[in-house]
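Okay, structure first, notes after.
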Amino acid sequence: MRKILPSAILALGLASPSHGELAAQSAGGFVIVASAEVAASPERSWQELVVPARWWSKDHTYSHDTANLSIDPRPGGCFCETLPGTRTGPRGGVEHMRVVYAERAKALRMKGALGPLQTEAAEGTLSITLKPSGTGTRIEWQYVVGGYMRFKPEEIAPAVNQVLEEQLTSLASRLGPVAKSGG
């Protein structure tokens, strides 16, 4: 295992409120785990989580505008992006992931291949859990990817890890200062 932190955070010498790592890797796929401790309650964390327009990076959208992102937090709901068009309507859209499990203030699970993985015969499952921790919440992400990819997992997994950690860091920063933990 190795830690891969966003280069911008490393360059600034700042501590990241989240921690992510490539937990497993094989020729068939990889697993990324990341977590953050935040001062917000699980309910407040959920309210922020399901509005990706507030915390997802515009650099990791197709439209370069996070206002076009949404999550419908119910089974069958979509983590989608509208591709703006003209006065007559959008030119299209992107389904980033499909919600398969949602339990308010506790867990959100979505299936889909993010970013460049979308062009491959790969499938990913992103499980997000919100756990009470002291006076705040521990947010845990686990992204399991498998299937046929023209990318080598050892080459694409670090980039996916960096992108997911960037998103979790942004979400955590919106939820207040990192909660102090005993361990």
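The values are calculated or read from the model by the stated rules, or taken from the named source; none is laboratory data. Since the model is a prediction, treat every value here as computed from it, not as a measurement. Here Cβ is always computed from backbone atoms with ideal geometry, including for glycine, and neighbour counts include all displayed protein chains. Please note that ligands, DNA and RNA were not included when accessible areas were found on the heavy atoms of the full protein model with its side chains. Shrake-Rupley method; radii C 1.70, N 1.55, O 1.52, S 1.80 Å.
So, in the range 84-113, how many residues would count as being at negative phi, of a type in the set (Gly, Ala, Ser) and outside any strand (DSSP E or B)?
2
What number of residues within the range 91-117 satisfy the criterion of being touching a Pro at 6+ places or on another chain (Cβ under 7 Å) and open to solvent by less than 30 Å² (accessible area, probe 1.4 Å)?
3
From the set of residues in the range 121-133 that are of a type in the set (Gly, Ala, Ser) and either free of Cβ contacts under 8 Å to residues at least 60 places away in the same chain or in contact with a helix residue (DSSP H, G or I) (Cβ under 6 Å, 6 or more places away or on another chain) (or both), which is nearest to residue 19 (Cα to Cα)?
In this case the residue turns out to be 127.
Could you tell me whether any residue of the range 126-145 is under 11 Å from the mean Cα position of the chain (by Cα), small (Gly, Ala, Ser) and open to solvent by 20 Å² or more (accessible area, probe 1.4 Å)?
Within the range 126-145, one or more residues are under 11 Å from the mean Cα position of the chain (by Cα), small (Gly, Ala, Ser) and open to solvent by 20 Å² or more (accessible area, probe 1.4 Å).
Could you please find all residues in the range 9-35 being hydrophobic (A, V, I, L, M, F, W, C) and modelled with pLDDT under 95?
Across the range 9-35, the qualifying residues are 9, 10, 11, 12, 14, 15, 22, 23, 24, 27.
Can you report the number of residues in the range 116-159 which are part of a strand (DSSP E or B), among the hydroxyl-bearing types (Ser, Thr, Tyr) and farther than 15 Å from residue 27 by Cβ?
The qualifying residues number 6.
Go through the range 66-90 residue by residue and tally those that are within 17 Å of residue 167 (Cβ to Cβ) and surrounded by fewer than 14 Cβ atoms within 10 Å (Cβ to Cβ).
So the answer is 1.
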